[in-house]
1. Of everything in the range 47-76, what is exposed (fewer than 15 other Cβ atoms within 10 Å of the Cβ) and among the acidic types (Asp, Glu)? Give them in sequence order.
2. For a quick check of your reading of the model, give me the residue pairs whose first member lies in the range 58-79 and is closer than 21 Å to Glu109 by Cβ, whose second is part of a helix (DSSP H, G or I) and β-branched (Val, Ile, Thr), with beta-carbon atoms closer than 6 Å and at least 6 apart or on different chains.
3. Being in contact (Cβ under 8 Å) with a residue 40 or more places away in the chain, closer than 16 Å to Ala52 by Cα and of a type in the set (Val, Ile, Thr): is that true of Thr123 here?
4. Out of all the residues in the range 116-146, which are surrounded by fewer than 20 Cβ atoms within 10 Å (Cβ to Cβ) and more than 22 Å from Gln94 (Cα to Cα)?
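The numbers here are math on the coordinates, done by the rules we state, and not lab data. If you're wondering where the values come from, they're calculated on a predicted model, not measured in any experiment. Positions of Cβ are backbone-derived with ideal geometry, glycine not excepted, and every protein chain shown enters the neighbour counts.
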Amino acid sequence: VVQQGQQGGGGGGGGAGGASAEELADLFELELDQLQNQYETVQRGERQQADAQVDALMERLKELARRQQQELERQRARSDAQQGGSGGGGGRSQRELAEEAEETARQLEELSRRTGDQQLAETARRLREAAETMRRSAASSGQNQGVAEATSALDDLEEARRRLERNQEDRMGEGIQDALERVDRLARDQEQVRDQ
């Protein structure tokens, strides 16, 4: 009789063991969900930071293009006044703009490496081309040549700006897609909770 009681107790222990395995599985699933949420939060934070940097660089590019446009107009005015005469005149401001364009390109390249976004690397390449053209414009001995180089530099800047704009739009689209996926996942989780 005593042995039977002990066996019954053992059986009960087995039952308790089964319940705790189920609880462990639930805890494990909960832990996985929390890790997933933390990972997504970090990812979102990194994306937001990258988006903010792209926005800031976009503003900088617009400002560079505006100043290059002014420089081009100054060079055209000098060229008209001197009709084919020599002398750079606007060399210093063109060199300064070239340095700023290169600095912006460096920041874009760094951002491209961090995010793995090749569009940013391509935009940086166009910016470096613009900087090189600005330097040629600054070093040009003839006014007409300087105007031609300044025009080409402005075209490169505008192309870089357009590329960055497209990149912004793509990023916005990805953000919306991510948000929709999160809503879907939440709805599925809610459904499971309701079913349980």
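1. Asp55, Glu59, Glu63, Glu73
2. Hits for this filter: Arg60/Thr104.
3. It is false that Thr123 is in contact (Cβ under 8 Å) with a residue 40 or more places away in the chain, closer than 16 Å to Ala52 by Cα and of a type in the set (Val, Ile, Thr).
4. Gly116, Asp117, Gln118, Gln119, Ala121, Glu122
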